[in-house]
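In what follows, a single structure is set out as C-alpha cells and then discussed.
Here, each number is a calculation from the coordinates, and none is a lab measurement. Bear in mind the structure is a predicted one, so any value in this text is a computation, not a measurement. We place every Cβ from the backbone using ideal geometry, glycine too, and count neighbours over all the protein chains shown.
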C-alpha cells in the first residue's frame with residue numbers, strides 16, 4: 001500500500017470507531033429538515049424594492065396638516081425640541097405604540113406610520129393635533145390614539161408624540 005492509502009484507511013477506521021450509522025442518519029435528517037425550513041424564515045421583502053420604504057417628504061413637520069399626522073392625537077415632538085422621528089432630549093420613547101396608515105400626496109402612496117409617545121417630562125403644550133383618521137375604539141388598543149402610551153418607560157408622564165414611517169402599506 002502506498003502512503004495515501006494507509007492514511008485514508010487509518011482516518012476511516014478512526015471515524016468508524018467514533019461514529020455510528022444512527023448518528024449519520026440523524027445528521028442527514030437534521031440537514032434535510034433545516035434546509036427545507038430556510039424558505040420559511042422571515043424576509044424583509046420591501047427592503048429589496050428600490051425606494052419602497054422611503055417616502056418623498058414634502059410639507060411642514062411642525063404643522064398638523066403634515067401628511068404623517070393623519071392619526072395623531074397629542075403634541076407634535078417637532079414643536080417640542082425633537083422631530084417627527086425622534087424624541088426631545090430628556091424624554092424617552094415608549095416601546096408600545098399605535099399605528100395608522102397615511103396617504104402621502106407627494107408620491108401617491110400609503111404608508112404605515114408608528115405613533116410613539118415621548119415620555120418623562122410634563123406635557124409640551126405646543127402644536128396640539130387631534131387628527132383621528134382611522135381611529136378605533138379603546139377596545140382596539142393597537143388602533144386607538146386615546147390612550148397614554150407611556151407604559152413600559154421609566155415615567156408615565158406624557159410629553160409629545162412622534163410619527164415614524166414603518167413602510168409602504170400594500171393593498172391585499
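Observations on the model:
- Segment residue 9-residue 99, length gained on full extension (0.36 nm per residue, minus Cα span): 25.9 nm
- Spin-label pair residue 126/residue 25, simplified geometry with 7 Å Cα→Cβ offset, distance in nm: 7.3
- Using C-alpha pairs below 8 Å separated by at least 6 residues, the relative contact order for segment 60-168 is 38 percent.
- Nitroxide proxy distance, nm - points 7 Å out along Cα→Cβ at residue 2 and residue 56: 7.1
- Point-to-point label distance, residue 151-residue 109, nm (Cα→Cβ direction, 7 Å offset): 3.2
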